[in-house]
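I have placed the structure first, in the form of structure tokens, so that the comments after it can refer back to it.
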Amino acid sequence: DGGITQSPKYLFRKEGQNVTLSCEQNLNHDAMYWYRQDPGQGLRLIYYSQIVNDFQKGDIAEGYSVSREKKESFPLTVTSAQKNPTAFYLCASRYNRGHQPQHFGDGTRLSIL
Amino acid sequence: AQTVTQSQPEMSVQEAETVTLSCTYDTSESNYYLFWYKQPPSRQMILVIRQEAYKQQNATENRFSVNFQKAAKSFSLKISDSQLGDTAMYFCAFMNADKIIFGKGTRLHILP
């Protein structure tokens, strides 16, 4: 079955460490997105990528980095510069043609030790 | 910049009742899409219903329907014959050419 796979489901980070969240899709979608979800905040866009080897900052990109070397993959690195990384992270993808809806992965919960 | 507002942070209704979740948005664009997503306790985001701005007819998906008022920039979701499995966070979303913007959500509790 086609879908979006995020791993790991739970992730713990020590102070000062970088961690990378994985997002892989086999839907042949063009665009991929990373969102952060905090209680009462809804979903906030971190980064997005419309095509391979290109990506744009979203509303809260500081302290995060991404790469898009393959169409299927859009990993998110939470750097030590992100001072409050504890949150639920959602990856999404969609076709760029028309106004197709986003499809979401199951999310990764990141916590600070 | 576009904004999406969900004015009801939390709601509770009895099972089998009908409930309406409100959503308003602000945009100067004429071509856009609107969506309602459901996020149950499992936290998976599930697309419930979508509406094209150029269509006057309100979208319907089984027990879920919308009341789309383009001039008023309103996009409410009606859930008929509510079920316990409808308990979830519901997010209204606006999409233009390249980005989708989410409201802050309404937490809906269906009571037995």
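The values are calculated or read from the model by the stated rules, or taken from the named source; none is laboratory data. Treat the numbers as computed from the prediction; the structure is a model and nothing was measured. Note that each Cβ is placed from the backbone with ideal geometry, even for glycine, and that neighbours are counted across all protein chains shown. Please note that ligands, DNA and RNA were not included when accessible areas were found on the heavy atoms of the full protein model with its side chains. Shrake-Rupley method; radii C 1.70, N 1.55, O 1.52, S 1.80 Å.
Using a probe radius of 1.4 Å on protein heavy atoms only, what is the accessible area buried between chains A and B, both sides summed, to the nearest 100 Å²?
On the way: alone 6290 and 6390 Å², together 10890 Å².
It comes to approximately 1800 Å² buried between A and B.
Simple spin-label model, 7 Å along Cα-to-Cβ: A:Asn53 to B:Ser7 in nm?
Using points 7 Å along Cα→Cβ, the separation is 5.0 nm.
Name the lysines eligible as straight-distance cross-link partners of B:Lys70: C-alpha to C-alpha under 16 Å, and not fewer than 8 places from it in the same chain.
Straight-line reach from B:Lys70, under 16 Å: B:Lys55.
Which FRET efficiency, nearest 0.05, do B:Arg63 and A:Thr79 yield, Cβ-Cβ r, R0 41 Å?
On the way: r = 44 Å, r/R0 = 1.08.
The calculated FRET efficiency here is 0.40.
At a Förster radius of 45 Å, what calculated FRET efficiency corresponds to the Cβ-Cβ distance of B:Gln56 and A:Thr20, to the nearest 0.05? Write out the running numbers ahead of the final one.
On the way: r = 46 Å, r/R0 = 1.03.
It comes out at approximately 0.45.
In debye, nearest 20: dipole of the protein assembly as shown around its Cα centre with unit charges on the Cβ of K, R (+) and D, E (-)? Intermediate values should be presented prior to the final figure.
Numbers: 24 positive and 21 negative charges, 56 e Å.
Dipole magnitude for the protein assembly as shown comes out near 260 debye.
Given a Förster radius of 45 Å and the C-beta distance between A:Asp30 and B:Gln83 as r, what FRET efficiency does 1/(1 + (r/R0)^6) yield to the nearest 0.05? List each step's numbers first, then the result.
Numbers: r = 36 Å, r/R0 = 0.79.
FRET efficiency, A:Asp30 to B:Gln83: 0.80.
Beyond 26 Å, what share of the Cα-Cα pairs of the protein assembly as shown is found? Please give it as a whole percent.
Working: 9512 of 25200 pairs.
Considering the protein assembly as shown, 38 percent of its Cα-Cα pairs are separated by more than 26 Å.
Check the straight Cα-Cα distances from B:Lys73 and name the aspartates and glutamates below 18 Å, setting aside those fewer than 8 residues away within the same chain.
Within the straight-line limit of under 18 Å, B:Lys73 reaches these aspartates and glutamates: B:Asp26, B:Glu29, B:Glu52.
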